[in-house]
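Encoded as structure tokens, the structure appears first; notes follow it.
The values are calculated or read from the model by the stated rules, or taken from the named source; none is laboratory data. Quick caveat: nothing in here was measured; it's all calculated off a predicted structure. Positions of Cβ are generated from backbone atoms using ideal geometry, with glycine treated the same way; all protein chains shown enter the neighbour counts. When the accessible area is computed, the model is the full protein with side chains, heavy atoms only, and any ligands, DNA or RNA have been set aside. Shrake-Rupley method; radii C 1.70, N 1.55, O 1.52, S 1.80 Å.
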Amino acid sequence: MKRMIRGNMQLQKIAKDFQGLEQMMTMIPMLKKMPIIDISETLSLMDNKDLLIILNEFSLEEQGDIFAEFALIKQLTFFQQISKKRFSRIFEEMPSDARADLFQILTQQEQIDLLPFLSKKIREDVLALSTYPSDTAGGIMITDFATVSKEMTCFEAIQKVRFDAPSKKTIYYVYVVDESKTLLGFITLKDLIIAEPDDLVSALLHSEFVFGFVEEASELIAAKIDKYELVALPILNNKKQLIGIVTHDEAMDVIQAEHTEDMERFMGIMSSNEDTDYNRASVFSHFKRRVVWLVSLALIGIFAGLIIHKYEAALLQVIILVLYMPMVAGTGGNAGSQSATVIIRALALGQVTVKSWFKVLWKETRISLMLAFCLGVLAFVLVMFLSWSNIEILPFSIEKIGFVVAVSLSLQVISSTIIGATLPLIVKRFGGDPAVVASPAIATIVDISGLLIYFSIASYFFKI
């Protein structure tokens, strides 16, 4: 923790003091002591020509790691402004998944210009990885792993691992394959080091293992890594041959991206493939992502106005009803959003399914009844307290008005909770993403239902 705080302080100092290339050159020793991610954040502020000069002060391996942490748009502009021969040296040192991500956004001509400068192994690797969709296991896997044969001794296996030279991020598992590259199991690096040099790999083999297929959705792969607390997950093709691995870091990136997407959808913000960084995204980009839902819900909200217009006569006779309209509508919206949030999260974690809708509905109904009783009593007390001074001019008894508000609020809470719980299940049932049942949408729907409940009950009890 102290090291992290110290690194952040150094980053802030460099960002504050940075005024040009000459000053940055003097700070190279300080930069080299910092974590790669902090170095990348600092250098990403630089002009691409100056950036190339600074990168030359680092080893090629460090250049690849630093460059891989840049935003894709920064990587692309850097690629377009330097020679392809020089760029290829950085490109080859990048993690294989980062290479594939950048290669996929290059134009066909840019890809053709870069490929001749790459080694045969890197060229074949990047072309293979770039063919997989980004939302599948193939799109997030890397090819940086070590393999051994079960007939090897532990001494021979260690020599093979040295030859494969996997990065320190992926060396925890050593995968055991046969001649056709079919995955037989794995051994841990700890097992390999502790064993006697003459021990056979087959004696240490873990033949029961979790794996994923290359076509599987990336969020399912991330869920497996999270569930089984793995450092990495082997990825197989349909012949059960090992073709890559997905690391814990990649899984966390997928989960974070999924959570961000769900949060945006739930709040009525359209997902975008553009840079999601708030500062980098343009004003128009933010506008595009927000306007559709807001315009749609504003049009739907007209129905609320029509309901109020229909009951205009009732409002004129019992004007005090207006005072408690926001409380009824707002409480219903909050209850619906709470219920929807709980159910969407439970669906995402696999705690509930569409098949268990009746169980969910029964549980949420019982919860809503308890909430309704609590809030109904509170509403009655508030009406008695806030409207007591106007008791002489009220057309009906304050107790009756309090009763109408309390019953309306209670029924609104019950209906909103059930609506919030069932809408995500309905969307899931028809193959959609439950997160599209956005919080603003639920609020608008329950506002309309709340007004109908409120005025219907008022009209019944006040005979207006």
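Residue-by-condition table, conditions (1) of a type outside the set (S, T, N, Q); (2) at pLDDT below 90:
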residue: Ser96; (1), (2): no, yes
residue: Leu106; (1), (2): yes, no
residue: Leu114; (1), (2): yes, no
residue: Arg123; (1), (2): yes, yes
residue: Gly139; (1), (2): yes, yes
residue: Ser149; (1), (2): no, no
residue: Ser167; (1), (2): no, yes
residue: Ile171; (1), (2): yes, yes
Residue that is nearest to Ala346 (Cα to Cα) [pool: residues in region 190-205 that are open to solvent by less than 60 Å² (accessible area, probe 1.4 Å) and without any contact (Cβ under 8 Å) to a residue 40 or more places away in the chain]: Asp191
- prompt: What number of residues within region 411-425 are under 20 Å from Met370 (Cβ atoms) and surrounded by fewer than 24 Cβ atoms within 10 Å (Cβ to Cβ)?
  reply: 6
Cβ pairs under 7 Å, 6+ apart, first in region 225-240 and outside any helix (DSSP H, G or I), second at pLDDT below 90 and open to solvent by 100 Å² or more (accessible area, probe 1.4 Å): Val231/Tyr172; Ala232/Tyr172
task: Please give the number of the condition Phe163 fails out of (1) modelled with pLDDT under 85; (2) part of a loop (DSSP other than H, G, I, E, B).
output: (2)
task: Scan region 206-219 for residues that are open to solvent by 50 Å² or more (accessible area, probe 1.4 Å), out of contact with any Pro (no Cβ under 8 Å at 6 or more places or on another chain) and in contact (Cβ under 8 Å) with a residue 24 or more places away in the chain and report the count.
output: 3
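Conditions tested, residue by residue: (1) of a type in the set (A, V, I, L, M, F, W, C); (2) modelled with pLDDT of 85 or more.
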| residue | (1), (2) |
| --- | --- |
| Asn238 | no, yes |
| Gln241 | no, yes |
| Ala251 | yes, yes |
| Met263 | yes, no |
| Asp277 | no, no |
| Phe287 | yes, no |
